[in-house]
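A short worksheet on the structure shown next.
The values are calculated or read from the model by the stated rules, or taken from the named source; none is laboratory data. Being a predicted model, the structure only gives us computed values, none of them experimental. So basically every Cβ, Gly included, is an ideal-geometry build from the backbone, and we count neighbours across all protein chains shown.
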Amino acid sequence: MSRAIITLTTDFGLTDMYVGTMKGVILGIAPDVQIVDLTHGIAPQNLIEATVKLAAATAYFPKGTIHVGVVDPGVGSTRSALIVETVSGFFVAPDNGLLTLPLRKQSPVRAIRLTEKALPFCLPEQSSTFHGRDVFAPIAAYLAQGRAVEEFGEWCALDSLSECAIPSVEQVVGDLNTETLRVPILYQDHFGNLITALTRDLWIGWVARFGLSSEEAIQRLTIQAGALRWQGLARTYSDVPMGYPLAYWGSAQTLEIGIREGDAASSCALKPDESIFLTLRPPTSRSGS
Amino acid sequence: MSRAIITLTTDFGLTDMYVGTMKGVILGIAPDVQIVDLTHGIAPQNLIEATVKLAAATAYFPKGTIHVGVVDPGVGSTRSALIVETVSGFFVAPDNGLLTLPLRKQSPVRAIRLTEKALPFCLPEQSSTFHGRDVFAPIAAYLAQGRAVEEFGEWCALDSLSECAIPSVEQVVGDLNTETLRVPILYQDHFGNLITALTRDLWIGWVARFGLSSEEAIQRLTIQAGALRWQGLARTYSDVPMGYPLAYWGSAQTLEIGIREGDAASSCALKPDESIFLTLRPPTSRSGS
Amino acid sequence: MSRAIITLTTDFGLTDMYVGTMKGVILGIAPDVQIVDLTHGIAPQNLIEATVKLAAATAYFPKGTIHVGVVDPGVGSTRSALIVETVSGFFVAPDNGLLTLPLRKQSPVRAIRLTEKALPFCLPEQSSTFHGRDVFAPIAAYLAQGRAVEEFGEWCALDSLSECAIPSVEQVVGDLNTETLRVPILYQDHFGNLITALTRDLWIGWVARFGLSSEEAIQRLTIQAGALRWQGLARTYSDVPMGYPLAYWGSAQTLEIGIREGDAASSCALKPDESIFLTLRPPTSRSGS
């Protein structure tokens with residue numbers, strides 16, 4: 001049998017010993033587990049960034065993987081903590097919306113809220129500021145050792161889980177004349193690429209309203225990202241000249257804005273929570289007089 | 001038998017190949033070892049930060065773990081190198097004070113200084129600037145493979161090991177009227193939390209001098225951290241409103257200063273080596289006239 | 001048999017989920033593989049930095065290790081991708097010069113270019129911007145599982161592989177009177193040390209032209225690094241007073257410029273692609289009259 005996998009996603013950064021300490025706790029309980037860092041570079045307390053990244057990465061792990069997420073501004077308060085079982089694995093996290101997107105993408109099966117039943121599995125002295133070490137790490141390790149989910153708490157309804165408010169795509173002008181889409185930026189990656197909330201499905205639905213296929217719509221599309229404005233979509237960076245902007249379907253199947261061998265976030269002077277705008281020239285031109 | 005664990009703590013950062021190279025050397029000797037990064041984000045040559053972090057993390061690892069620490073401003077000089085065996089595992093490090101705090105917390109049993117006996121275990125060509133790769137990594141790997149400590153050098157007295165000077169808590173005013181404690185900041189974590197040198201034991205001893213229990217003293221406590229000043233201690237971040245400062249017992253059982261969902265180091269304009277001040281209003285008020 | 005090792009070297013950084021996602025893909029195919037990060041901190045698209053670091057680190061890994069390099073400005077374009085077998089292991093990377101230096105140091109045996117034969121081993125839906133996840137990770141994992149190199153593509157000549165232009169050492173003054181060497185800086189490490197292109201072999205060849213041994217030449221050597229200028233070489237940092245500059249043979253056997261417990265890049269105001277200058281006072285003094 002291959003080794004159980006535990007992934008870790010936090011806003012702890014890597015300059016402290018927090019992540020390493022969690023690994024020590026895990027290995028003390030489950031010595032043969034394979035631990036994988038997804039990222040510890042979530043901006044402090046940024047649940048949106050965390051849930052988007054969790055959804056993008058966890059889909060690529062083998063069945064049965066245990067994903068631990070600790071972005072936890074309410075640590076030590078009365079916020080509850082969850083274990084959610086999906087068709088592909090397990091999530092262990094505070095109940096604060098961190099799991100919003102991975103659970104939308106990976107069918108959740110059932111969930112428990114941790115109760116006092118979990119205490120024997122936690123570290124004996126529980127701090128009020130580091131549940132990653134004292135609660136989430138040991139519980140994930142015991143799960144990896146084969147403990148049943150229900151040993152840690154009580155079943156709860158899937159629709160009782162907290163969600164965080166993911167910024168959504170909006171039509172800027174009223175219904176029939178709608179031509180412009182305001183597309184919020186979810187986060188900016190290491191390269192300065194801007195990852196937006198526009199999925200392919202949303203795009204196809206939007207252009208269908210004008211009787212257009214995706215290919216036809218691309219011919220009629222203008223993108224405005226900060227001060228930069230250009231036509232159409234590209235497939236990959238090298239489709240445009242060095243230093244030019246492009247919009248493309250990124251590796252998580254959402255629209256991204258990049259600059260070939262450049263930094264789009266800084267060139268466009270845009271950041272997460274701000275928006276780009278997509279404008280479609282409708283098939284029947286309304287120019288003339 | 002479960003796999004041996006080697007942890008790595010350095011000031012090498014992660015943008016270079018130094019850490020990865022050490023892992024290559026280790027795996028060439030001990031292919032089944034589990035390697036865990038504690039942190040490679042120690043500020044260059046900062047032994048205080050390193051020893052505090054090592055002490056906080058290593059306590060959470062299973063018995064027998066081998067901890068390698070390489071913060072080594074004297075690399076290539078005549079400084080000696082150590083293997084220290086404690087009741088819970090092994091430390092491999094230069095003899096420069098890096099182990100000061102972990103050895104105070106984890107009873108050391110015996111120590112050796114590396115001698116020429118260690119040479120056959122080191123890489124054949126030893127650089128004068130990268131003993132992490134050429135000395136510490138291979139020796140840790142051979143230890144993990146079951147080699148005895150004494151094969152690498154000569155026993156030395158535990159009290160002969162170098163110590164680094166940990167900043168200590170000081171009473172600011174003279175003996176009987178002492179009401180203020182100057183508490184040095186040991187380091188600032190990724191969130192901007194300020195981790196101080198005040199342990200719970202020191203705190204309890206201090207307030208006992210006024211005939212106060214910890215709970216009574218908290219009612220009488222004022223904290224001054226840079227330009228910010230407030231009353232009392234909190235249990236966790238969510239005990240105070242968003243953006244407010246708090247002092248709390250951190251996950252390593254020392255006093256920490258934080259800002260709820262903020263950055264205390266920047267808000268207080270304080271940094272390691274500077275101090276915060278705790279003032280206690282004594283039980284018998286001396287106001288009046 | 002010990003577990004196969006896959007190393008990863010990218011410019012992806014650690015704040016995103018890109019690296020973690022690659023690991024998920026690898027572990028889904030090769031559950032027992034040992035994954036080691038060399039570095040993910042290569043400056044975006046910087047092939048020179050990447051090839052220098054790959055060459056320095058990969059030499060220290062056990063025979064058979066599979067090294068994956070993804071610094072890939074041409075991702076999704078027609079650039080081809082390679083598997084190169086050397087006497088010590090395998091490299092999987094885009095054919096863009098990333099492997100220039102490791103292949104110069106580790107005798108390559110044979111190479112294939114990926115063709116459509118590789119498609120069954122790639123992820124079913126291939127993005128045009130993240131071949132690290134969709135192509136390189138799964139192919140490395142199948143290699144680790146024992147698949148033969150030729151299952152992924154067609155043999156190609158070793159001299160058909162792309163190379164990147166490594167800045168080279170140049171003599172500044174004409175042939176017979178040559179006394180000054182312009183030595184380009186290849187990269188700056190985490191400490192601010194400047195790693196140059198001057199190898200020991202080049203140095204020995206240069207000074208031999210003056211009939212000097214290395215030891216004799218050091219007595220006659222002046223180094224100019226930005227505004228700083230000093231005599232001779234040192235062995236290690238502690239050979240000079242705190243804060244002083246030094247030149248020394250670094251851990252990759254090339255000349256490096258450092259400042260004892262300081263940051264040479266910032267003190268010298270130099271950066272990669274700029275140069276330092278070595279001047280040799282010839283044995284026969286030309287002063288006099």
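Quick notes
- Segment C:194-205, subset within 15 Å of the chain's Cα centre (by Cα) and farther than 15 Å from C:Thr279 by Cα, residue surrounded by the most Cβ atoms within 10 Å (Cβ to Cβ): C:Leu194
- Between A:Val25, A:Val19, A:Val84, the distinction of being over 24 Å from B:Gly13 (Cα atoms) and not in a loop (DSSP other than H, G, I, E, B) belongs to A:Val84 only.
- Any hit, segment C:266-279, residues being touching a residue at least 40 places away in the same chain (Cβ under 8 Å), within 25 Å of B:Ser77 (Cβ to Cβ) and of a type outside the set (A, V, I, L, M, F, W, C): yes
- Inclusion of A:Gly153 among residues that are among the small types (Gly, Ala, Ser) and either exposed (fewer than 15 other Cβ atoms within 10 Å of the Cβ) or over 30 Å from A:Asp16 (Cβ atoms) (or both) is not warranted.
- Condition met for B:Pro282 (without any contact (Cβ under 8 Å) to a residue 40 or more places away in the chain and more than 27 Å from the chain's Cα centre (by Cα)): no
- Residue within segment C:45-63 that is of a type in the set (A, V, I, L, M), buried (at least 20 other Cβ atoms within 10 Å of the Cβ) and either more than 16 Å from the chain's Cα centre (by Cα) or not in a helix (DSSP H, G or I) (or both) present: no
- Scanning segment B:89-110 for residues that are surrounded by fewer than 19 Cβ atoms within 10 Å (Cβ to Cβ) and polar (S, T, N, Q) gives a single hit, B:Ser107.
- Per-region count, segment A:10-32, residues more than 17 Å from the chain's Cα centre (by Cα) and more than 7 Å from chain B (Cβ to nearest Cβ): 6
Condition check ((1) buried (at least 24 other Cβ atoms within 10 Å of the Cβ); (2) without any contact (Cβ under 8 Å) to a residue 40 or more places away in the chain; (3) among the aromatic types (Phe, Trp, Tyr)) across all residues:
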site	(1), (2), (3)
A:Leu8	yes, no, no
A:Thr21	yes, no, no
A:Pro31	no, yes, no
A:Thr39	yes, yes, no
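- Matching residues in segment A:44-61 - criterion: being in contact with a helix residue (DSSP H, G or I) (Cβ under 6 Å, 6 or more places away or on another chain) and either of a type in the set (D, E, K, R) or without any contact (Cβ under 8 Å) to a residue 60 or more places away in the chain (or both): A:Leu54, A:Ala57, A:Thr58, A:Tyr60, A:Phe61
- Among the residues of segment C:135-159, those that are touching a residue at least 40 places away in the same chain (Cβ under 8 Å) and part of a helix (DSSP H, G or I) comprise C:Val135, C:Phe136, C:Ala137, C:Pro138, C:Ile139, C:Ala140, C:Ala141, C:Tyr142, C:Leu143, C:Ala144, C:Val149, C:Leu158.
- Number of residues in segment A:237-270 that are closer than 27 Å to A:Tyr60 by Cβ and surrounded by fewer than 19 Cβ atoms within 10 Å (Cβ to Cβ) equals 4.
- Residue tally, condition at the interface with chain B (Cβ under 9 Å from one of its Cβ atoms) and either under 17 Å from A:Lys105 (Cα atoms) or at pLDDT 95 or above (or both), over segment A:75-90: 0
- Filtered residues of segment C:33-71 (kept if among the β-branched types (Val, Ile, Thr), farther than 21 Å from A:Tyr237 by Cα, at the interface with chain B (Cβ under 9 Å from one of its Cβ atoms) and in contact with a Lys or Arg (Cβ under 9 Å, 6 or more places away or on another chain)): C:Val36, C:Thr39, C:Thr58
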